Every structure is written in C-alpha cells, then in structure tokens.
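What follows is a single structure, written as structure tokens, with notes after it.
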Amino acid sequence: MNIWGFRCCHCDKPLAIASQGICSSCYRLLSQKPYCGCCGAALTHYQLGCGKCLRDEPKWHRIVQISEYKAPLAEWIHRFKYQQNYWLDRMLARLLLLAIRNAQREFQLKLPEVIIPVPLFWQRQWKRGFNQAELIAQPISEWLQIPLDTQSLQRTRATRPQQELTASERRNNLRKAFCYQPIKNYQRVALVDDVVTTGSTMNMICIELLKQGVKEIQVWTLARA
Ligand SMILES: [Zn+2]
Ligand SMILES: [Zn+2]
C-alpha cells in the first residue's frame, strides 16, 4: 500500500524514516551554497555582509534560507503553494530547520524569542484556505520550542505582488499595508515567509517592528529568489 507519508515527495521511493518526507539522494539534489547571512546573496563562503548589502542594506539583520529559488526546491514550493500538497509543509519546514541549525554554526545565530509568520490579507487567506508562511512556521515553533505569534502582525489591506509593479507603484502598494501591535515587548524576532523576492515587503514589515523597539530581526525563508 502506498501511503504518501512513507514515500519520497520527489522520486516516490519508499522512505526509511517516514517523517522526513524526502530521501537522502533527493536531499542531495538541493544545491545548498554559502550565502551572505545579512541579505542572502550567494557567495563563495558563509559571511555576514557583502557588496550587495553595502549598496542596498536590508532593514532586517539576519537571514536564514535553505537555498536559492531553483529546482528542485522551487518546484516543491510551487507544489506546496498552488497544488495544495499540504504534506509538503513539514518536509519544507524540516529543511528550514536544518538551515537554522546551519546558521547557528556558520553565523553564530542566536535563536529568537518569538516566531512571526508574514500574514496574508484575510480575504486572500480565506480564498486560499491557509497561510503558507504559518504552515512552515508552526512545526518549527514546536521543534525549537519558541512561541508562534500570529496576532501581533497584521496585514491591513490587500497588496499586489511587487514584481508586477513599476517602481512608483511599488512604493504606494506597500504603504501602511502592515500593522504591528505587539502583544509582548519583543527584542529578537524571526519573521517567516515562504519566499523572499525583492525584499521590499519584508523591509516594510521591518520598519514597523523597528519602530516598536525590536532590536534584532531575523528573516527565515525557504528561498531567496
Ligand atoms: Zn527521493
Ligand atoms: Zn549581503
């Protein structure tokens, strides 16, 4: 009998450890390259800060990512988001957990007090039925025993994908799109999103958090596109 949980989500081979969701040879297909621990740019060594950060410094302080947005990771993320392959959430969350562990070694990353998934506007979430960032953040919160907070950060209106807009439309698109009213006075926060593309949405959220006294913002993402 083929129960999905006991087969690799990529090659469909039976798995020795069901909960992992992926076999070791497919895991090796992920091209996990060193990256900048601040902005996420691909580098030859793991380091904090790079030329790209100097030109265009992100508002967050640290980033953790599994790899670049390329196959097969890009394909898994796509299946997870658009084909409602819900069981992929734990597999992707587990890969992100390994990336967090790696960042603890490579960048001496200190774990945050709270994990906050990037919210969707309620209408969008209602249509989709779930918030993909929250699905990723939930198991990580359990595994690391760090509280998950889905209350403090809210999306107050719908926005359009930044990639579809011109520069001036982009600025208006995100204006006052997020509201941060923390239920506790957090100092170190991890924001979770499935993919970080231009980074402008994340920067906009960071501005709100910094205004409320957050000292360190980490971005945990499956992939930097
Ligand atoms: Zn496989
Ligand atoms: Zn950088």
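Structural remarks
- The residues on offer are Gln145, Gln123, Gln132, and the sole one that is touching a Lys or Arg at 6+ places or on another chain (Cβ under 6 Å) and not hydrophobic (A, V, I, L, M, F, W, C) is Gln132.
- Screening Ser200 against (1) of a type in the set (Gly, Ala, Ser); (2) under 15 Å from Leu96 (Cα atoms); (3) in contact with a helix residue (DSSP H, G or I) (Cβ under 6 Å, 6 or more places away or on another chain) leaves a single unmet condition, (2).
- Checking each residue in segment 9-63 for being within 16 Å of ligand 2 (Cβ to nearest atom), of a type in the set (Gly, Ala, Ser) and either in a loop (DSSP other than H, G, I, E, B) or surrounded by 12 or more Cβ atoms within 10 Å (Cβ to Cβ) (or both) picks out Gly37, Gly40, Ala41, Ala42, Gly49.
To keep it simple, each residue is scored yes or no on (1) within 21 Å of Glu57 (Cβ to Cβ); (2) buried (at least 17 other Cβ atoms within 10 Å of the Cβ).
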position: Lys127; (1), (2): no, no
position: Ala137; (1), (2): no, yes
position: Asp149; (1), (2): no, yes
position: Ala167; (1), (2): yes, no
position: Gln181; (1), (2): no, no
position: Gln187; (1), (2): yes, no
position: Thr198; (1), (2): yes, no
position: Ile205; (1), (2): yes, yes
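- Residue that is nearest to Glu75 (Cα to Cα), among those in segment 7-44 that are near ligand 1 (Cβ under 10 Å from one of its atoms) and among the small types (Gly, Ala, Ser): Gly21
- In segment 151-164, of all residues being of a type outside the set (S, T, N, Q) and surrounded by fewer than 17 Cβ atoms within 10 Å (Cβ to Cβ), the one that is farthest from Pro182 (Cα to Cα) corresponds to Glu164.
- Among the residues examined, Ala99 does not qualify as under 14 Å from His10 (Cα atoms) and touching a residue at least 12 places away in the same chain (Cβ under 8 Å).
- When residues of segment 95-147 are limited to those that are assigned to a helix (DSSP H, G or I) and of a type in the set (Val, Ile, Thr), the one nearest to the chain's Cα centre (by Cα): Ile136
- Looking only at segment 148-187, and only at residues there that are in a loop (DSSP other than H, G, I, E, B) and small (Gly, Ala, Ser), the one that is modelled with the lowest pLDDT: Ala158
The values are calculated or read from the model by the stated rules, or taken from the named source; none is laboratory data. Computed from a prediction, not measured in an experiment: that's the story for all the values here. Heads up, the Cβs are rebuilt from the backbone with ideal geometry, glycines too, and the neighbour counts pull from every protein chain shown.
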